[in-house]
Every structure is written in C-alpha cells, then in structure tokens.
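None of the figures in this text is laboratory data; all of them are computed from the coordinates on show. Computed from a predicted model, the values in this text were never measured in an experiment. For neighbour counting, all protein chains shown are included, and Cβ atoms are generated from backbone atoms with ideal geometry for every residue, glycine included.
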Amino acid sequence: MKYITYSQQWDIHVSHHYIFFIDEKVVASYVISEMKKRTYLSGFYIQPQFRGLKLSFEMMDTIPPYKNLWLKVRCDNLIAKKLYSKYGFTKVRGYDEEDNGFMYEWMRKKKLKDILDD
C-alpha cells in the first residue's frame, strides 16, 4: 500500500493528511492535527471493501512519533479500541456524547519516557 501526505496551515493548527492507495484507488486515510498544546489523530478510515486486510497496522506504522497523541473513539468500536491499545493508546477520559447520539471516549498515547516521568 502506498500513501501520500499533504499539510495545510490553519489559523491555530496544522493538519497533515495521509491518503492511502492500492492500485491507484483511494482505500484509506487519516489526519494528524497539530494544535498549540496537543496533537490529535482523527478521520482514521478504511473503505469497507478493504477492511479485514490488516491495512490498519500499515497505517498506524506511518504515524510520526509525537510526544502526546490524542484521539476520540466510539465506545462501541471494539476493533478500533483494540488496535489503538496495541499501539500504546490508553483511555484517559470519560465519555462524550456527540450530536449523532454515539458515546465516545478519549485515548492518549505517550512516549515511554514521558510515562516514566509522570
């Protein structure tokens, strides 16, 4: 699987877009948003016909090593939570309800050095 990236400067943050291809077809993507104090992973998505091929592991391996990386995941998305846990993310905050009625929880990944310093 190949990918391209592009970055976009906004007023208060920079977004880095990762777009993944198989045979020139877009199959997956995610966004890293660098804010002043935090960095967020969002929009982690794989087209339905390409799920189950372990592409998520390839995608996670492309994420740069940020000091603190945050994400919000639906509480009922057990597959995603298991993936994120394998890559060092842990639940750090309770639940938020979005307008669509789904419950979400916050997860964060810290570098080992930062975990030991806490």
#### Entry: Coarse-grained scattering of region 4-49 at q = 0.14, 0.18, 0.27, 0.31 Å⁻¹, given as base-10 log I(q)/I(0) from a Debye sum over alpha-carbon atoms
-0.38, -0.56, -0.94, -1.10
### Query
How large is ³J(HN,Hα) for each residue in region 67-82, as worked out from phi by the Karplus curve 6.51 cos²θ - 1.76 cosθ + 1.60 (θ = phi - 60°), to whole Hz, x for Gly and Pro?
4, 9, 10, 10, 8, 10, 10, 4, 4, 8, 8, 5, 5, 5, 4, 5
### Query
Along the three principal axes, how long is region 2-117 when you take its alpha carbons, biggest first, rounded to the nearest angstrom?
43, 32, 32
### Query
Quick one: if the Förster radius is 35 Å, what FRET efficiency do Ile4 and Met103 give, using the C-beta to C-beta distance and rounding to 0.05?
0.55
### Message
With an 8 Å Cα cut-off and a minimum separation of 6 or more residues, compute the relative contact order for region 28-77 in percent.
### Response
36
